[in-house]
Amino acid sequence: MSSLYQITENYDAVLNMLYDEEIDEQTILDTLESIEGEFEDKADGYAKLYKTLKYDAEIIKSEIERLRARLNTFENRSQALKDTLEANMKQIGKTKFKTTLFSFNIQKNGGLQPLRFDVLDVNKIPKNYLIPQDPIPNNEKIRSLLETKQVPWAHLEPRGESLRIR
């Protein structure tokens, strides 16, 4: 069986045959029919591979989601154990001790101190403490405008196309 590339070349050859007046119409039709059947068989093979890989990808996605949920459960449970131990250590006033397996110590976190704003209105913060920012286009609003009229500063691109195999 020919490769998809070879089949495409055969179509080009048939196109050239159409321009050749010495080749009879039946020869062209026979050649075209054999290529079409071969192309359709090849397309079926590609579609089978595509569907198989797509199915495998979906299985992997669902497995990733399952494992991510399991990961979150383990992380939440481990954090709950740590929080419970820390709360109980603080309650009894025991902030530092060692066992044969582990060392336990409640200490201040490093890094920058957390920052919290006491006002919700950004305009109440002095301007020299704000970062100026350039305007950002509102794509949804512009798209709605372009659906009703043309403007010189933007346009909608044609939709792309893709092969769908069902």
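Since every read-out is calculated from the coordinates, none of them should be taken as a lab result. Small disclaimer: the values here were computed from a predicted structure and weren't measured. Every residue, glycine as well, gets a Cβ built from its backbone with ideal geometry; the counts of neighbours run over all protein chains shown.
Name the residue, out of D20, D44, D56, whose mean-square fluctuation peaks in a Gaussian network model built on the chain with Cα pairs under 10 Å.
D20
Relative to the first principal axis of the alpha-carbon coordinates of the chain, what is the inclination of helix 25-92, with its axis defined by its Cα atoms, in degrees from 0 to 90 and to the nearest 10?
Value to nearest ten degrees: 0.
Give the label of the value calculated from the structure for Kirkwood radius over Cα pairs in Å, choosing from (i) 17.4; (ii) 16.6; (iii) 26.2.
(iii)
Let me know the charge dipole size of the chain about its Cα centre in debye, to the nearest 20, where only the beta-carbon of Lys, Arg (+1) and Asp, Glu (-1) is charged.
For the chain, the charge dipole is close to 3400 debye.
Using a Gaussian network model on the chain with a 10 Å cutoff between Cα atoms, which of E21, E140, E33 fluctuates the most?
With Cα springs under 10 Å in the chain, the top fluctuation among E21, E140, E33 is at E140.
Farthest toward the dipole's positive end in the chain, which of P126, S78, S103, given Cβ charges of +1 (Lys, Arg) and -1 (Asp, Glu) about the Cα centre?
Farthest towards the positive end: S103.
Over the chain, what relative contact order in percent results from Cα pairs under 8 Å that are six or more residues apart?
14 percent
Cut-off 10 angstrom, C-alpha nodes, Gaussian network model of the chain. Which of E86, E22, E75 fluctuates the most?
Ranking E86, E22, E75 by mean-square fluctuation puts E22 first.
Kindly express, to the nearest 10 degrees and within the range 0 to 90, the angle between helix 4-19's C-alpha long axis and the longest C-alpha principal axis of the chain.
It works out to around 30 degrees.
State the number of lysine pairs found in region 16-92 whose Cα atoms come within less than 25 Å, restricting to pairs 8 or more positions apart or on distinct chains.
Lysine pairs satisfying the spacing and distance rule in region 16-92 number 5.
Counting each DSSP H run of 4 or more residues in the chain as -39500 (n - 2.57), what helix-only mean residue ellipticity at 222 nm follows after dividing by all residues, to the nearest 500 deg cm²/dmol?
Helix contribution divided over all residues of the chain: -20500 deg cm²/dmol.
On a 0 to 90° scale, report how tilted helix 139-148 is relative to the longest principal axis of the chain, with both axes built from alpha carbons and the result rounded to the nearest 10.
Between helix and principal axis, roughly 40 degrees.
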